[in-house]
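All of the numbers you see were taken from the coordinates with simple rules; none came from a lab. Treat the numbers as computed from the prediction; the structure is a model and nothing was measured. Cβ atoms come from the backbone with ideal geometry, glycine included; neighbour counts cover every protein chain shown.
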Amino acid sequence: MEFLGVSLAAWMSILALTIVIIISCINEQLHVGLLGIAFAIVVGAIFMDMRASKVVMGFPLSLFMILVGVTFMFAMAQVNGTLGKITTYSIRLCGGNMMLLPFIIYFLTIFITTIGPGNIAGVALLAPITMAIAGQVGMSAFCMTLIVVGASNSAAFSPFAPTGIISHGLVEKMGPQIPDLFAKYSLDAIDWKVYFNSILAQGMAVIPGFLVLGGWKWMMSHKGKTVDINTIAPRPEPFNKQQWFTTACIVILIFLVVVPSLPGMKQFFPKWMLLMSSNVGTVGFVLAGFMMLFNVADSKAAVKTMPWFVIMMVCGVTVLIDVMEKSGGLNAMVKAIAAFSGPTTVHFWLGLITGVISAYSSSSGVVMPAFLPLVPGLLKQVPGADAVGMISSINVGAHLVDASPLSTLGALCIACAAEHEDKQKLFRDLLIWGLSMSIVGAIICWLFFGILGI
């Protein structure tokens, strides 16, 4: 049975995804990842004659293991205080020079997010410190939120960070469908290009926003002024043995993931090491194993702090997307978007649609798994469109809105704002900013990835 040229199974899979997205927008307590698996089994059994055992084979086990390996290692680094001390020592680099403080915090947030914890853990780590500093130096909580959330989201697509790993896994799955792209770029090269695209595109929205909406006025009022750095970032205790060991593991992780992927470098590594470090997740598991053996952190506490909710959300929605692909639902969505898109305007529409949905839903847990699989089909339906640009448009559009108080990141900053802040006004200002970023993000995606072809 078909309606408007689309099979009933495809319509049912689209309806199931729509329900999942709506629920994710209105009720954060329901786990839409697990709900997605349930819907996938129902749609597969009733409308596609698929056994449930075959449906659940769409569970992205490789992506799951990579996310678990990395997030467990950095959860241990967070539990034993290593990341907290790195943060405090970095903030002290401004030496009390107030003009440098916003830049130090912005680039520190990018650094912390890039090395592995990711945007959610990075903001959870930095928000209590930076929002307290904002209250002490007279910077508005709104401006500090733009810095911290903007920087963390711009660096979220680091190949070491959970969101970057999610993007990597979804892009890797496209390989057989778009061989021309993978003939031109390696998967690692795509990952880094998406990361730098995000840094550039989101920075172009966040930095001017910070300056125009109070940041520049604050900086000028503090020009030439200094404060005692110990009043805003007291010197922490020196690193202990466990924290030095943890820092060494983080450096090794970055080294083993980055260096072998550089041109001509694999020949300098033994085969067993290349096999063991085949992806960032496997390296994370091995290093976390050594961290446990040397008792550098409470592993039980680390497991509890891992973002299980998001991990299972991504994997569950991916199962539903796999059913959609088999039913023809993805192809129907591709045709709908392609009907009003051209090679340049497709970036605008992808940025706008993902931004609007992400303002109320999970960027990495729902929006990315739902929209990134559309890229191969859009390449066929919209000749001349750039694949990496579309990937970047989806990712940037989905994350640029996340300073909204409806997102985890915006909510964390509001919760940590100084007592004298009007939190109701802060909520309203961040909501206006977040919603406006769906349009601003769409324009930036259209300009950068469509017109300029970055």
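In a shell of Cβ-Cβ distance under 15 Å around C315, excluding C315 itself, what net charge do Lys and Arg (+1) and Asp and Glu (-1) give?
Net local charge, C315 excluded: -1.
Once the other residues with Cβ under 15 Å from the Cβ of K184 are scored (Lys, Arg +1; Asp, Glu -1), what is the net sum? Before the final figure, lay out the partial values.
Numbers: positive: K193; negative: D180, D188, D191, D386.
Overall, the nearby charge balance is -3.
Report ³J(HN,Hα) in whole Hz for each residue of segment 312-319, in order, from the Karplus equation J = 6.51 cos²θ - 1.76 cosθ + 1.60 where θ = phi - 60°; Gly and Pro get x.
6, 5, 4, 5, x, 5, 4, 4
Run through all the Cα pairs of segment 8-163 and give the fraction in each 10 Å bin from 0, expressed as whole percent.
That works out to 10, 28, 25, 19, 12, 5, 1, in percent per bin.
Residue by residue through segment 447-453, what is 3J(HN,Hα) from phi via Karplus (6.51 cos²θ - 1.76 cosθ + 1.60, θ = phi - 60°)? Round to whole Hz and write x for glycine and proline.
With the stated coefficients, segment 447-453 comes to 6, 6, 9, x, 6, 7, x Hz.
Over what distance in Å are the Cα centres of segment 356-398 and segment 243-290 separated?
The two parts, judged by their Cα centres, are 30 Å apart.
How many angstrom lie between the Cα centre of segment 149-174 and the Cα centre of segment 408-454?
19
Would you kindly derive the ³J(HN,Hα) couplings of segment 162-177 from the backbone phi angles with the Karplus curve 6.51 cos²θ - 1.76 cosθ + 1.60 (θ = phi - 60°), listing them in order in whole Hz, with x for Gly and Pro?
Going residue by residue, I get x, 5, x, 5, 4, 4, 4, x, 6, 6, 4, 5, 6, x, x, 8 Hz, with x marking Gly and Pro.
I need the calculated FRET efficiency for the pair A415 and Q136, taking r as the beta carbon distance and R₀ as 22 Å, to the nearest 0.05.
Values: r = 18 Å, r/R0 = 0.80.
The value I calculate is 0.80.
Working from the alpha-carbon coordinates of segment 314-356, get Rg over Rh, Rh being the Kirkwood radius.
Expressed as Rg/Rh, it is 1.06.
With each label point set 7 Å from Cα along the Cα-Cβ vector, what nm distance links E237 and A45?
So the label points at E237 and A45 sit 5.5 nm apart.
Using modelled amide H (1.01 Å from N, peptide plane; none on Pro or chain starts), what sits under 5 Å from the amide H of A418, excluding residues fewer than 5 places away?
G135
Test of understanding: extend the Cα→C-beta vector of L274 to 7 Å, then name every residue of segment 155-187 with backbone N under 16 Å from that spot.
Residues passing the 16 Å test: 187.
Scan segment 1-96 for trypsin sites (Lys or Arg not before Pro) in coil per DSSP, keeping those whose Cβ has at most 14 other Cβ atoms within 10 Å, and list them by number.
Passing sites in segment 1-96 are R51.
Treat segment 98-219 as a sphere of radius equal to its Kirkwood radius over Cα pairs and apply Stokes-Einstein at 25 °C in a medium of 0.890 mPa s; give the translational diffusion coefficient in µm²/s, rounded to a whole number.
Here the translational diffusion coefficient equals 161 µm²/s.
Grab the Cα-Cα distance for S186 and I19, subtract it from 0.36 nm times how many residues apart they are, and report the gain in nm with one decimal.
56.5 nm
Along the Cα→Cβ direction, 7 angstrom out, place labels at K335 and S53. What is the inter-label distance in nm?
With each label point 7 Å from Cα toward Cβ, the separation is 3.4 nm.
On full extension of the chain, what length is gained from L211 through E28, given 0.36 nm per residue of separation minus the C-alpha to C-alpha distance?
Details: separation 183, 0.36 × 183 = 65.88 nm, distance 3.27 nm.
That works out to 62.6 nm of additional length.
Let a ≥ b ≥ c be the square roots of the eigenvalues of the Cα gyration tensor of segment 161-307; is it rounded (a/c under 1.5), or, if not, prolate (a/b larger than b/c) or oblate?
oblate
Between I439 and Q267, what length comes free when the chain is fully extended (0.36 nm per residue of separation minus the Cα-Cα distance, one decimal in nm)?
Here the segment from I439 to Q267 would lengthen by 57.2 nm.
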